[in-house]
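The structure appears below as structure tokens.
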Amino acid sequence: MALLDVQNLQTHFRTPEGVNRAVDGVSFHVDEGETLAIVGESGCGKSVTSMSLMRLIPEPPGKIAGSIRFQGKNLLQLSEHEMRAIRGNDISMIFQEPMTSLNPVLTVGRQIGETLRMHQGLDKQAALARAVEMLALVGIPEPARRVREYPHQLSGGMRQRVMIAIALACNPKLLIADEPTTALDVTIQAQILQLMLDLKRRVGAAIVLITHDLGVVAEIAERVMVMYAGRKVEEAPVAELFRSPRHPYTQGLLGALPRLGSSLTGAARRLAEIPGQVPSLKQRIEGCVFVGRCPIATDLCREFAPGLEEKTPRHFTACHYASKGAAAA
Amino acid sequence: MISYILRRIVATMPVMAVVALFVFSLLYIAPGDPAAVIAGDQASPADVERIRQALGLDRPFLIQFGSWVWRILHGDLGTSIFTNLPVSSLIAQRLEPTLSLMAMTLVLTILIAVPLGVVAAWKAGTWLDRTIMAFAVFGFSIPVFVVGYILAYVFALHLEWLPVQGYTPLAEGFWPWLVNLILPAVALGCVYIALIARITRAAMLEVLQQDYVRTARAKGLGQNSILFIHALKNAAVPIVTVIGIGIALLIGGAVVTESVFAIPGLGRLTIDAILRRDYPVIQGIVLLFSFLYVLVNLMVDVTYTLVDPRIRY
């Protein structure tokens, strides 16, 4: 049984201009100890998906429908109280902005210890001692001193390490990382990713990694799900996806990556781009969501939305012309 | 930190000097010849001249000011023209009721206004928020004396739950002291509660948007812990500032409240002194209140460092 099984997730927001279908019918699963990456450009619904998993979407104006089964329990049917026992304990989250995600007026130790006291029933002393251990675990030097410091006394990389310490303090089964390295320097990014991988191995947590950085995906994910305009357009094991992307959007994303050794003066010196923007999600889209930017779109695409099909084993694509696309790649 | 407090105390001296100069000038800014006012309507010019010399009013302004300050620094606030008692002992007699009233109002205000503001921000846009804010506007709009009389009428005369007026010193027991202070404190606190509830709501609304509040929710913390620990502590700086500024409001309000509830405090003393043109008493009281206000501001600045570790002096 999958650790997390999401079926037909729909997260809609009521706005004065109409309903914004930020996530519109997405299904996926995560196995125990697995790393699933969710990729896509800004505004495609990645972050809303991750917030929905934790039920952190304010309702109203938001509305989450479908089912989110975690260890067999549908999270959408739990009371707020039951949900709180899961947040930070069984499922925890790391956010994109380490500079602002920690509370500036509470000590680092307090912020790590808080989850331990609440979920594991540790007393103040034990929680603080465990916080020191966690800081050491995430590679912060002098943890006994740092535990008494405030976030403004730490660098961005250290703060993200503290966030990871908070997230892993209760040994969660699932860690949701929403662009954990985006706001960091490149050298720090590599360190944080390495840390996440090490800890994942040690704690045995599954990871849902939200990112738009395909380099990060290639490095740590096992399976990749590509989202576009609130829908899943492709899903495949990571090697398979990079080798033979089938959806024109995925092909576009990969085509936009600079490659080592590609010449600045050669014929292909300009990186490929995907023209246009993500469509507005405020009207229902009848055909394929990608039709406005797709190089191979036809009338068929404009009228009928392609279903997600398993074109080759474990490789799902939502495109009428997926096999053609693959042949062309 | 200690050196900061010491520096601040030194820095209050010029402030107090300016206040003192202003307070002393009251005597000259006020219309009429102080000596003539003191002597009264029936006095002969010779009497007036005698008083003028006795008070040193014939000497140059700066010399008068200098000797006045000199005496104050030695604890001598002068003598009341009307009662012939030392101003310092007059003030000392009246200090307890006023400080009790102000302290009680302050405690009551913080206990009521801050939770109201927090709840209003948490439930922003709902009927609960709108109700609280409507009451805040209401509380802000009604003068202290009106609230005072209404409260006295309803709770003292009609329901007979609380005494109509008067004051019992703390030395005669905590309970009688408390019971006598409830109505005046509520009356005086109305405006203050409204002000602080609004500021708390505004500060909290901003803080609740922050990423670290989302983090706190993602950790599975309960609503109370998120609101009152994670958010309120971050919203504390503007709230503490306004509580401090509000002390000035309290000083003015205390004068009126004491009249309404017949509390023998500094407010009554002030009104009596003004009606009798008892300048040394007026000067003493204004000086005291100014000092109090400067002190409160110092306390507010020190409180900042307690609520926000990023603020260091």
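Count, please, the residues in the stretch A:170-224 that happen to be among the basic types (Lys, Arg), buried (at least 17 other Cβ atoms within 10 Å of the Cβ) and without any contact (Cβ under 8 Å) to a residue 40 or more places away in the chain.
Selection size over the stretch A:170-224: 0.
For B:VAL137, only one of the following conditions fails: (1) modelled with pLDDT of 85 or more; (2) over 22 Å from the mean Cα position of the chain (by Cα). What is its number?
All conditions pass for B:VAL137, except number (2).
Can you tell me which residue within the stretch B:206-250, out of those that are surrounded by fewer than 17 Cβ atoms within 10 Å (Cβ to Cβ) and free of Cβ contacts under 8 Å to residues at least 40 places away in the same chain, is nearest to the other protein chains (Cβ to nearest Cβ)?
B:ASP211
So which residues in the stretch A:160-211 are in a loop (DSSP other than H, G, I, E, B), farther than 22 Å from A:GLU114 by Cα and within 14 Å of chain B (Cβ to nearest Cβ)?
Once the filter is applied, which keeps residues that are in a loop (DSSP other than H, G, I, E, B), farther than 22 Å from A:GLU114 by Cα and within 14 Å of chain B (Cβ to nearest Cβ), the stretch A:160-211 yields A:GLU179, A:THR182, A:ALA183.
Could you identify the single residue in A:PRO141, A:PRO58 that is more than 30 Å from A:PRO237 (Cα to Cα), within 13 Å of chain B (Cβ to nearest Cβ) and assigned to a loop (DSSP other than H, G, I, E, B)?
Going through A:PRO141, A:PRO58 in turn, the sole match is A:PRO58.
One line per residue, one yes/no per condition, for (1) more than 22 Å from B:VAL307 (Cα to Cα); (2) not basic (Lys, Arg):
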| residue | (1), (2) |
| --- | --- |
| A:PRO98 | no, yes |
| A:PRO104 | no, yes |
| A:GLN111 | no, yes |
| A:GLU114 | no, yes |
| A:GLN125 | yes, yes |
| A:ARG130 | yes, no |
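For the structure I just gave you, tell me whether B:VAL146 is β-branched (Val, Ile, Thr), in the same structural domain as B:VAL186 (by TED's automatic domain parsing) and modelled with pLDDT under 90. Before you say what the answer is, go through the steps one by one.
Working: β-branched (Val, Ile, Thr): yes; in the same structural domain as B:VAL186 (by TED's automatic domain parsing): yes; modelled with pLDDT under 90: yes.
Yes, satisfied.
For A:VAL233, are the conditions met, namely being within 30 Å of A:ALA206 (Cβ to Cβ), modelled with pLDDT of 80 or more, in contact with a His (Cβ under 8 Å, 6 or more places away or on another chain) and not in a loop (DSSP other than H, G, I, E, B)? Don't jump to the end; show me each part of the working.
Details: within 30 Å of A:ALA206 (Cβ to Cβ): yes; modelled with pLDDT of 80 or more: yes; in contact with a His (Cβ under 8 Å, 6 or more places away or on another chain): yes; not in a loop (DSSP other than H, G, I, E, B): yes.
Here the answer is yes, as A:VAL233 does meet what is asked.
Restricting attention to the stretch A:144-157, which residues are more than 12 Å from chain B (Cβ to nearest Cβ) and farther than 30 Å from A:LEU4 by Cα?
Listed by number, the residues that qualify are A:ALA144, A:ARG145, A:ARG146, A:VAL147, A:LEU154, A:SER155, A:GLY156.
Filter the stretch A:87-115 down to the residues that are over 24 Å from A:LEU209 (Cα atoms) and assigned to a helix (DSSP H, G or I), then identify the one that is nearest to the other protein chains (Cβ to nearest Cβ).
For the stretch A:87-115, the residue satisfying everything is A:GLU114.
In the stretch B:204-238, what residues are touching a Gly at 6+ places or on another chain (Cβ under 8 Å) and either of a type in the set (Lys, Arg) or more than 26 Å from A:GLN160 (Cα to Cα) (or both)?
First pass over the stretch B:204-238, keeping only residues touching a Gly at 6+ places or on another chain (Cβ under 8 Å): B:204, B:218-221.
Correct list: B:LYS219 only.
Filter the stretch A:69-86 for residues that are crowded, with 19+ Cβ neighbours inside 10 Å and within 9 Å of another protein chain (Cβ to nearest Cβ) and give the result.
Pass one, the stretch A:69-86, residues crowded, with 19+ Cβ neighbours inside 10 Å: A:70, A:75, A:84, A:86.
Residues satisfying the conditions are A:ARG84, A:ILE86.
Quick one: in the stretch A:116-125, which of the residues that are of a type in the set (A, V, I, L, M, F, W, C) and more than 7 Å from chain B (Cβ to nearest Cβ) is surrounded by the fewest Cβ atoms within 10 Å (Cβ to Cβ)?
If we filter the stretch A:116-125 for residues that are of a type in the set (A, V, I, L, M, F, W, C), which is where we start, we get A:116, A:118, A:122.
Filter once more, keeping what is more than 7 Å from chain B (Cβ to nearest Cβ): A:116, A:122.
Details: A:LEU116: 24, A:LEU122: 18.
Among those that are of a type in the set (A, V, I, L, M, F, W, C) and more than 7 Å from chain B (Cβ to nearest Cβ), it is A:LEU122.
What are the pairs, 6+ residues apart or on separate chains, where a residue within the stretch B:95-119 that is in the same structural domain as B:VAL137 (by TED's automatic domain parsing) and buried (at least 17 other Cβ atoms within 10 Å of the Cβ) has its Cβ under 8 Å from a residue that is among the hydroxyl-bearing types (Ser, Thr, Tyr) and outside any helix (DSSP H, G or I)?
B:PRO97/B:TYR167; B:SER100/B:TYR167
Could you tell me which numbered condition B:GLY125 fails, if it satisfies all but one of (1) over 25 Å from the mean Cα position of the chain (by Cα); (2) in a helix (DSSP H, G or I)?
(2)
As an exercise: evaluate B:GLY166 against (1) without any contact (Cβ under 8 Å) to a residue 24 or more places away in the chain; (2) in a loop (DSSP other than H, G, I, E, B) and give the number of the one condition it does not meet.
(1) is the only condition that B:GLY166 fails.
Within the stretch A:1-46, track down each residue that is β-branched (Val, Ile, Thr) and either more than 22 Å from A:PHE290 (Cα to Cα) or surrounded by 21 or more Cβ atoms within 10 Å (Cβ to Cβ) (or both).
Result: A:VAL6, A:THR11, A:THR15, A:VAL23, A:VAL26, A:VAL30, A:THR35, A:ILE38, A:VAL39.
Considering each of B:PHE22, B:PHE61 in turn, give the residue that is over 30 Å from B:LEU298 (Cα atoms), exposed (fewer than 15 other Cβ atoms within 10 Å of the Cβ) and not β-branched (Val, Ile, Thr).
B:PHE61
Only one residue in B:ALA197, B:ALA187, B:ALA203 is closer than 30 Å to A:THR100 by Cα, in a helix (DSSP H, G or I) and away from every other protein chain (no Cβ under 14 Å), so which one is that?
B:ALA197
Select from the stretch B:262-313 the residues that are assigned to a helix (DSSP H, G or I), within 14 Å of chain A (Cβ to nearest Cβ) and either surrounded by fewer than 16 Cβ atoms within 10 Å (Cβ to Cβ) or in contact with a Gly (Cβ under 7 Å, 6 or more places away or on another chain) (or both) and list them in ascending order.
B:THR305, B:LEU306
Would you say A:PHE290 is surrounded by fewer than 17 Cβ atoms within 10 Å (Cβ to Cβ), closer than 27 Å to A:GLU17 by Cβ, at pLDDT 75 or above and of a type in the set (A, V, I, L, M, F, W, C)? Show your work before the answer.
Values: surrounded by fewer than 17 Cβ atoms within 10 Å (Cβ to Cβ): no; closer than 27 Å to A:GLU17 by Cβ: yes; at pLDDT 75 or above: yes; of a type in the set (A, V, I, L, M, F, W, C): yes.
In short, no.
Considering only residues that are assigned to a helix (DSSP H, G or I), of a type outside the set (Val, Ile, Thr) and farther than 20 Å from B:MET13 by Cα, which ones fall in the stretch B:65-100?
Result: B:SER88, B:SER89, B:LEU90, B:ALA92, B:GLN93, B:ARG94, B:LEU95, B:GLU96, B:PRO97, B:LEU99, B:SER100.
The values are calculated or read from the model by the stated rules, or taken from the named source; none is laboratory data. It should be emphasised that the depicted structure is a prediction, and the values quoted were computed from it without experimental measurement. All Cβ positions, even for glycine, are placed from backbone atoms using ideal geometry, and neighbour counts span all protein chains on display.
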